[in-house]
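Structure first, then comments.
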Amino acid sequence: MIRLLPPTLINRIAAGEVIERPASVVKELVENALDAGATHIEIALEEAGKNRILVEDNGKGMNREELALAIQRHATSKLPSDDLLDIRFLGFRGEALPAIGSVSRLSIASRAQGSDEGWELRMDGGDVFDPIPATLNHGSRIEVRDLFYSTPARLKFLKSDRTETAQITDMVSRLMMANPYVSFTLIADGKMIRRVAGAQGQLPDARLDRLRDVLGKDFAANALMLDTTREAATLTGYAALPTYNRGTSAEQ
């Protein structure tokens, strides 16, 4: 017999596709913040994100109606038209938030720029609660608690807290390097892991400043700027000189 699956089960299947580990959750939430135009993003973790992930930003935020729509499957602000090739954002499938909310206790608080009121919406293992008024600055605050509590078998595939935290740190570091004008803070169990201020000046200088912050002074001192175009492709950035090398592929 063929039957339609219930929404909660559909979301848990989607979670298996987009939420592999705590780093996957952090990546989705931070990319959403970047797409919202945030210039400051703060990430806080407890137990490598298994117990709690908090991502706060100062982006454009959402009003009550947008907040309720954001946790619906295939709802997105990242495709301005029906042209699937017109993608100028970091993600567009519209499955991350409902998928995360189906395997955790999810809270989303947001206040749209220009609005005098904020709203908070909660999901608990796929169950959605009506938005309630919330007090916060412009932007969004998303909290994920008890990741995979509704699918405990998934927890068996996670590594140690140290390894999972390292995965998150590496992923956040990559986003830091790609967004030099955005300030980032990463805290794990109350300990500061990364903090970088938004760079100033022209893009080439801002990029090098951010690479210095993330990869260290030695990389910046041995970096060669690239700016070349071939046919329809343009490549810009920095690459290390051949004389600057490491014994492993770390930070490659």
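The values are calculated or read from the model by the stated rules, or taken from the named source; none is laboratory data. Note that the coordinates shown come from a computational prediction; the quantities given were computed from them, not determined experimentally. Virtual Cβ from ideal backbone geometry, glycine too; neighbours counted across all protein chains shown. With ligands, DNA and RNA removed, areas are computed over all heavy atoms of the protein, side chains included. Shrake-Rupley method; radii C 1.70, N 1.55, O 1.52, S 1.80 Å.
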To one decimal place, what orientation-averaged projected area in nm² is obtained for the convex hull of the Cα set of region 16-56?
-> 2.9
Among all the lysines, which ones have a C-alpha under 23 Å from K156's C-alpha, if same-chain residues fewer than 8 places away are not counted?
-> K27, K50
Give me the distance in nm between label points sitting 7 Å out from Cα along the Cα-to-Cβ direction at T236 and E46, one decimal.
-> 4.2
Cross-link partners among aspartates and glutamates for K60, C-alpha distance below 15 Å, same-chain residues fewer than 8 apart left out?
-> E31, D35, D116, E117
With 10 Å bins from 0: P(r) over region 136-213, alpha-carbon pairs, percent | 15, 36, 31, 15, 3
Report, by chain and number, residues whose modeled amide H sits under 5 Å from the one on G237, excluding near sequence neighbours (fewer than 5 apart, same chain).
-> L226
If you roll a 1.4 Å probe over the heavy atoms of the protein chains, what accessible area per residue do you get for the chain, in Å²?
-> 58
Straight-line reach check, K159, cutoff 13 Å on alpha carbons, 8 or more apart in-chain or any other chain, hits among aspartates and glutamates -> E20, E47
Once you treat every alpha carbon in region 192-252 as an equal point and sum by Debye, what is log10 I(q)/I(0) at q = 0.27, 0.30 Å⁻¹?
-> -1.19, -1.27
At 7 Å along the Cα-to-beta-carbon direction for both R3 and K191, put a label point, then send me their distance in nm to one decimal.
-> 4.9
Once the dipole of region 80-223 is set up from charges on Cβ (+1 Lys and Arg, -1 Asp and Glu), the residue from the list A134, S107, L147 lying farthest towards its positive end is L147
So the angle from the long Cα axis of helix 22-35 to the longest Cα principal axis of the chain, reported in degrees to the nearest 10, equals 80
Take the alpha-carbon positions of the chain, form their convex hull, and give its projected area averaged over all directions (one quarter of the hull surface) in nm².
-> 17.4
The chain - charge dipole about Cα centre, Lys and Arg +1 at Cβ, Asp and Glu -1, debye rounded to 20 | 680
Degrees separating the helix 203-215 axis from the principal Cα axis of the chain, which is the longest one | 80
Per the 1/(1 + (r/R0)^6) rule, R0 = 30 Å and r from the Cβ atoms of D146 and R246, FRET efficiency to 0.05 is 0.20
For region 108-252, state what percent of all Cα-Cα pairs lands in each successive 10 Å bin, counting from 0 Å until the bin that includes the largest distance.
-> 9, 25, 29, 22, 14, 2
